[in-house]
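Input: one structure, supplied below.
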């Protein structure tokens with residue numbers, strides 16, 4: 001199994017990054033949005049990966065933090081939680097936040113995640129309690145970079161952020177509202193990563 005990939009970030013299209021290794025092989029890796037936001041084009045990256053094999057595809061999911069990958073692996077063991085839902089959960093909140101909400105039995109926090117209703121949230125709280133208690137996660141929130149990585153037109157940036165959120169299960173209207181709220185802050189978003197960061201902050205309050 002492919003467990004760790006180190007190389008240069010050759011391409012970014014949220015939430016997927018292509019990592020070019022020293023051997024000349026490029027790997028397409030789908031990441032939770034906070035991890036994606038830490039990558040910079042043409043810079044070196046070290047990504048812990050999980051290979052997900054389906055009948056019609058072999059998909060790589062990646063994480064900046066190895067312990068976040070362990071949380072992802074615990075999530076997909078739960079009946080009804082596929083890789084897409086697990087990725088959406090770790091895009092909506094950090095592994096540390098997820099563990100905290102589970103420990104506090106915060107059903108409302110989980111139902112804010114796309115695709116998770118009340119019954120699913122209740123089941124997750126029960127099943128995750130034992131699965132996450134022995135995983136030590138970093139309680140410090142990640143500082144996501146806001147530096148410009150590529151010069152992109154504003155419309156392209158907005159379209160990419162919206163597409164990334166929809167691919168993770170957010171409704172089109174919900175994604176658009178969060179983007180509009182982020183833009184009302186008055187900040188200038190010159191790249192996808194900076195707008196994604198601000199939009200995720202808006203969604204975490206929904």
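So if I restrict to the alpha-carbon atoms in segment 4-63, what is the Rg, and what is Dmax, the biggest pairwise distance, in Å?
10.8, 33
Return 132, 51 ranked ascending by Cβ neighbour count within 10 Å, so the fewest neighbours appear first.
Least to most surrounded, the residues fall as 51, 132.
Fully extended, how many nm does the chain gain between residue 8 and residue 111 (0.36 nm per residue separation, minus their Cα-Cα distance)?
On the way: separation 103, 0.36 × 103 = 37.08 nm, distance 3.65 nm.
Separation in residues times 0.36 nm, less the Cα-Cα distance, equals 33.4 nm.
Here is a further query. Zone of residue 135 (label point 7 Å along Cα→Cβ, backbone N under 14 Å): which residues in segment 65-85?
In segment 65-85, the label zone of residue 135 (backbone N under 14 Å from the point 7 Å along Cα→Cβ) covers 65-79, 81-85.
Let me ask something else. Tell me, what does the Kirkwood hydrodynamic radius of the chain come to in angstroms if you use every pair of distinct C-alpha atoms?
One decimal place: 17.4 Å for the Kirkwood radius.
What FRET efficiency comes out for the pair residue 174/residue 22, r = Cβ-Cβ distance, R0 = 30 Å, nearest 0.05? Intermediate values should be presented prior to the final figure.
On the way: r = 41 Å, r/R0 = 1.36.
Efficiency, from the Cβ-Cβ distance: 0.15.
Over every pair of different alpha-carbon atoms in segment 154-203, take the mean of 1/r and invert it; report that Kirkwood radius in Å.
10.4 Å
Given the peptides 90-96, 57-63, arrange them by the average over their residues of other C-beta atoms within 10 Å, most packed first.
For the peptides 90-96, 57-63, the packing ranking is 90-96, 57-63.
A further question on this structure: Let me have the 222 nm mean residue ellipticity of the chain computed from DSSP H runs of 4+ only, each contributing -39500 (n - 2.57), with the sum over all residues rounded to the nearest 500.
Result for the chain, helices only: -13000 deg cm²/dmol.
Values in this text are rule-based calculations from the coordinates and carry no lab data. Computed from a prediction, not measured in an experiment: that's the story for all the values here. So basically every Cβ, Gly included, is an ideal-geometry build from the backbone, and we count neighbours across all protein chains shown.
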